[in-house]
Every structure is written in structure tokens, then in C-alpha cells.
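For reference, the structure discussed in these notes is given below.
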Amino acid sequence: MSALPPGPRLPRALQAAGWTQRPLPWLEKCHRRYGDTFTLRIRHYGDWVILADPDDVKKVFTAGRAVGVDVANPLLGPLLGPRSVMLLEEPEHMTRRKLMLPSFHGQAVQADAEMMATVAREEIERWPVGEPFALWPRMQDITLDVVMRAVFGPDSRMPRLQPLRERLRTLTTWMNEPRNLAMLAFLGPGWVVRSRGYREAMGAVEEAVMDEVRRRKADPEGGSMGVVSMLVRAQYEDGSPLSDQDLRDELVTLLSDGPTSSTLAWTFERLLRHPEKVERLREDVLGGDGSYLDAVVKETLRLRPPVPVVVRNLLEPMRLGGHDLPAGTTVAPCIHLIHRDERHYPEAHRFLPERFLGKQPGTYTWIPFGGGVRRCLAASYAEMEMKRVLRIVLQTTELRAVESDAERARKSAISFAPDQKGLVIAEPREPEPAGPRPLAPV
């Protein structure tokens, strides 16, 4: 313990309360007091060395096998399972990653772009008109439908898979229930697997997922499409297929409510407090080159990254933040602190997409998806999905925030969501007239 950097001297239970109740302000407070490297000692989580210097983060992300994986969120282990690509150690992680990567990069992303737009249009048609509603659950519906179509292909609309949608919604609701999050914080990850509500919700999802796996295994050349068919047919270098546990864990990982929905909700929450930016973005969407759209997505991911920290285990000693840390130390590159550091981003707490116009973010100062060999393999897919949804909403709908005050960040199961769930009012937007648009006056 003496080898670790200084940090709060509060009892572990109180540090756990700070981490689980208001983790983002607490991280900022510790950063101001202790600097770029400090230690948190949190009940149920252990000792974490927080890293907020990009040079230290680079060393961790590029250390290869000298750094192992850890679970920052105690829900992830029981949820994803030990054979998920997110939790596998090297060299298995890279082997599995190579199997899955083609489904979320390059041509695969472009091939799904119109599907994403179609899903967004269908969802928007169900939005109430002229009355307040929460945007985050609507974004969850969009992202669920997108991932269902990506994983199961055209079969995602078949009646046999409709119960799975409802079971996934039930599981997501259970995970995001404030009472359950409080129990998790107080009793630790072991409580999750003992909880009857969780076991029932997860068991129903697993049953439906594995039923589809068995169906496709029985007819591997039957023309079915989607990631599930690719995984069923996939083989390791020795010719062996993925085990049922491998398939269960990867499919549940893909189908679980990820942070894309909350990031979309945050994008609108931020935009709607800045009407001039909404109009600039709409101009870009309707007739621009997409550069401002890209900047809006990058700025949202900077201010509201999917997770505040990524957590790794040192398998070998490493010098970080001026400290010689022994093997076995848990280190946590802090995305939230790096993204809000005035040294990297002037006026760091302001929503300024303009900061990314004509400028690419730094490799280790903009890390919403992590970095190195463990960078989120669906990062490109998530950014494309965000851009497609934003385009369709801005083309078809006028949104306004119900309240003028900004919404605060509220802890959810996987990420952070607006505390009012993104309350908005929607009105249909008149379609643009056909033909070339008139030039703006000089």
C-alpha cells in the first residue's frame, strides 16, 4: 500500500459512497487536491490508482501483455460473462477480437448505415407530438432495434425473436432501477448473482439467445445473416468452433444496453441548450459536408464519454505518475478528467463543437472508447449510428427542451444518463422544398 500514490484518507465505505453516488464531481475534487495521479480505496472495488496524465495513459494502453483486464463496473462480470471479448485476457482477447472485428468496421458499418436511418425514422413516427416525453428511452428503442438487426439480420423481425426484445427491455429496466444500483453499491457484485430479479431477467434473455444459436447451428448454411450466423460459423485457427459459453457471452455483450443510447440523449440535451448550434448542425446535415456533425459527436463524447474510467491490472511493475507501481496494482486511466482538463481543452466545461472543426483530437487526450488493443471494437459503428440518428431527427423533427436548465448526470447501469432522461417536446418539421437551396446573403 505504501507504494501507491496518495489519495483520500476516508474509510473505504465512504469512498464507495462517493464513487457510487456522485463519482464525477468526486473525481474532479480529488484531481484538484492530489493532481494527475491519486489512489482511491473503495469497498467492493479495491485500490485504484487514477491516471489523468495522457503520457501515463499512453504507457498503459500500449503496454501489451504487461497489462491485463479488470472490471470497472461490478455489473459487467455477471452480465457479460467470462468469455466475452471485453473480459478475455491475452492472447485469447486478440484472437476473439479478430473474429468479430469485420462485423463492426469498414464495409460492414457502411452497409448498416441505411438500416440505422430506417430504424430512426420508424421510431420518430411513434413519438408524441406537442407534449413532453423522455428522449433517453426512445434512444434505447432505436439502439436496441439497430443491434437486433445487426446481430440477427432480417430474421430480427421474425415473430420468434420478438419475445427477446421484450426480455432485453426487462433486463435493461432491472439494471437501471435506482434501488438495484443502490443495492449493488452497498452489497457489492455478489449481490447481483444472488438477486432473484436479475437471475430471472437474465435467464429469460439467455434462453432466447441460445434457442436462436441452436436453430442456426442446425442449419448453418440456411441463408441466415447477421453477427450470430457469423459467430456460429466462425472457427479458431485449429478449426474448432466457438463454444456455447463463447456464443452466449458474445451475444449478450452485443445485445446488452450499451452507452450509445445515453450518448445520443446527451447530444440532444447539450444541443437544445444552444439553439444556434442546432441550426448550424441542421444546415450541415441538409447541405453541408458533415464536418460540423462530426464535431458535435466528438464534443459530446468528450463531455459525456460512455464511461469515466477504464480499469486495468498491471501484470508487471511500471513507473506511472512518478511512482514505481508493483505488479498487481489496479490502474484506472480517467477519461472524464483528461477530457475536462483545461490544459488540453480551453473552456473545457463548455459545449463547443467548433473546437474539433479542422482539427482531429489527440490520440491520448480524446479517449471515449479507450485505447490500444482493447479500444472498443464497435467504436466506428457507434459513431456512425449517432450520426445517422442525428441526421434523421434534424431532417424530420423540431425538438425543444422542456427545461432551460441543463440536466445533471445520473448513474445508470453501464454509463451516465441525463437525470430527467432528456425531457423534450417534438413537433414535425416541414420537409425541405425540392431543388437547389438559395444562397445565403453575403
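General observations
- Charge tally around Leu315: other residues with Cβ under 10 Å, Lys/Arg +1 each, Asp/Glu -1 each, net -1.
- Working from Cα pairs under 8 Å separated by at least six residues, relative contact order for the range 12-428 is 27 percent.
- For the chain, hydrophobic long helices are taken as DSSP H runs at least 15 Å long by C-alpha position along their axis with mean Kyte-Doolittle hydropathy of 0.0 or more; these are 113-124, 135-152, 291-303, 379-396.
- In a simple Cβ point-charge model (Lys, Arg +1; Asp, Glu -1; nothing else charged), the range 12-428 has a dipole of about 920 debye relative to its Cα centre.
- The charge dipole of the range 289-442, taken about its Cα centre with unit charges on the Cβ atoms of Lys, Arg (+1), Asp and Glu (-1) only, comes to about 380 debye.
- Cα shape, the range 12-428, gyration tensor, a/c 1.5 rule: rounded
- Total lysine pairs whose alpha carbons fall under 28 Å of each other in the range 12-428 (8 or more apart, or interchain): 28
- Only one residue of Thr37, Asn73, Leu181 has its Cα farthest out toward the positive end of the dipole of the chain, where Lys and Arg carry +1 and Asp and Glu -1 on Cβ, and that residue is Thr37.
- Least to most buried among Ser229, Ser243, Ser412, Ser291 (fewest other Cβ within 10 Å first): Ser243, Ser291, Ser412, Ser229
- Among Phe133, Phe104, the ranking by other beta carbons within 10 Å of each residue's beta carbon, starting with the fewest, stands as Phe133, Phe104.
- Under the shape rule built on the C-alpha gyration tensor, where the axes satisfy a ≥ b ≥ c, the range 294-442 is prolate, since a/c reaches at least 1.5 and a/b is greater than b/c.
- Simple spin-label estimate for Leu14 and Ser404 in nanometres, 7 Å along Cα-Cβ: 3.9 nm
- Helix-derived mean residue ellipticity, 222 nm - over the chain, DSSP H n ≥ 4, -39500 (n - 2.57), to 500: -14500 deg cm²/dmol
Laboratory data are not the source of any read-out in this text; all were calculated from the coordinates shown. No experiment lies behind these values; they were computed from the predicted model shown. Reconstructed Cβ throughout: ideal geometry from the backbone, glycine too, with neighbour counts over all protein chains shown.
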